[in-house]
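Nothing in this text is a laboratory measurement; each read-out follows from the coordinates by a stated rule. Because the structure is predicted, anything quoted here is derived from the model rather than measured. Please note: Cβ atoms are built from the backbone with ideal geometry, for glycine as well, and neighbour counts cover all protein chains shown.
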Amino acid sequence: MTETTPGWLSPDDLEQARARMPILYVEAVPVRVDDSGEVTSIGLLLRMGPEGTVSRTLVSGRVMHHERVRDALLRHLEKDLGPVALPRVPAALQPFTVAEYFPTLGTTPFHDPRQHAVSLAYIVPVTGDCRPRQDALDLVWFSPQEAASPLVQSDMPGGQGVLLKQALAHVGCLT
């Protein structure tokens with residue numbers, strides 16, 4: 001009998017689950033909006049990868065067993081942006097897209113060598129003071145034009161640049 005903390009898997013159990021079934025994730029594109037609701041800037045985390053590479057990423061993480069999607073989204077926003085980011089999670093929880101990450105390159109634009117993952121992606125306005133925590137080195141705010149630039153897109157691993165462009169298109173920031 002395996003004893004684990006409720007909702008979490010041991011590293012070995014997680015590796016076995018990843019090898020056998022898709023894992024559910026949430027991803028959030030943190031944005032700042034003006035008084036009319038237009039996106040003025042997009043926040044991207046700066047992270048150090050396992051191989052020592054630095055990349056830009058979105059807020060992302062697994063949905064735990066017996067956890068609501070809304071709660072998982074809030075938990076990861078607080079974990080990555082800090083407790084006073086003041087995210088405004090949408091009242092209706094339909095994601096702007098669903099990203100399917102595969103361990104095999106080329107199946108979709110999204111790639112995660114560890115697993116097959118299904119990610120519900122949200123655009124979340126934040127109004128508070130964002131201070132990255134956990135494994136994020138920094139949070140940088142970009143204008144929509146800067147975020148869509150090839151330079152920023154090339155710094156985003158696993159297809160997250162594609163996801164960011166989809167988010168920008170969804171809010172009318174790509175022309």
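Please state the relative contact order of the range 79-175 as a whole percent: Cα pairs under 8 Å, 6+ residues apart?
Working: 136 pairs, mean separation 28.9, N = 97.
Result for the range 79-175 is 30 percent.
Convex hull volume of the Cα atoms of the range 99-175, normalised per residue: 125 Å³.
Over the chain, all Cα pairs binned in 5 Å intervals from 0 give whole-percent P(r) values of 1, 8, 16, 21, 23, 16, 8, 4, 1, 1, 0, 0, listed from short to long. Shape descriptor for the range 40-92: Rg over Rh equals 1.02 (Cα atoms; Rh from the Kirkwood inverse mean 1/r). Enumerate the residues in the range 148-170 having an amide nitrogen under 19 Å from the point lying 7 Å beyond the Cα of S36 toward its Cβ. Output list for this probe position: 168-170. Once both labels are positioned 7 Å from their Cα atoms along Cα-to-Cβ, the gap between F96 and S149 label points is 2.0 nm.
Indicate, rounded to the nearest 5 percent, the antiparallel portion of the DSSP beta bridges found entirely in the chain.
Details: 23 of 33 bridges.
Looking only at bridges with both residues in the chain, the antiparallel portion is about 70 percent.
With contacts taken as Cα pairs under 8 Å and at least 6 residues apart, the chain reaches a relative contact order of 28 percent. 3J(HN,Hα) along the range 38-48, derived from phi through the Karplus expression 6.51 cos²θ - 1.76 cosθ + 1.60 where θ = phi - 60°, amounts to 7, 5, 9, 7, 10, x, 10, 7, 9, 10, 9 Hz, with x in place of Gly and Pro. Length available on full extension from L24 to H111: 0.36 nm per residue minus the Cα-Cα distance, which gives 29.9 nm.
Evaluate E = 1/(1 + (r/R0)^6) for V140 and L174, where r is the Cβ-Cβ distance and R0 equals 22 Å; express this FRET efficiency to the nearest 0.05.
Calculated transfer efficiency: 0.65.
Helical runs (DSSP H, four residues minimum) scored at -39500 (n - 2.57) apiece and divided by the length of the chain put the mean residue ellipticity at 222 nm at -7000 deg cm²/dmol.
What the pair-distance distribution of the range 19-107 shows, using all Cα-Cα distances binned every 10 Å from zero, is 13, 41, 35, 10, 1 percent.
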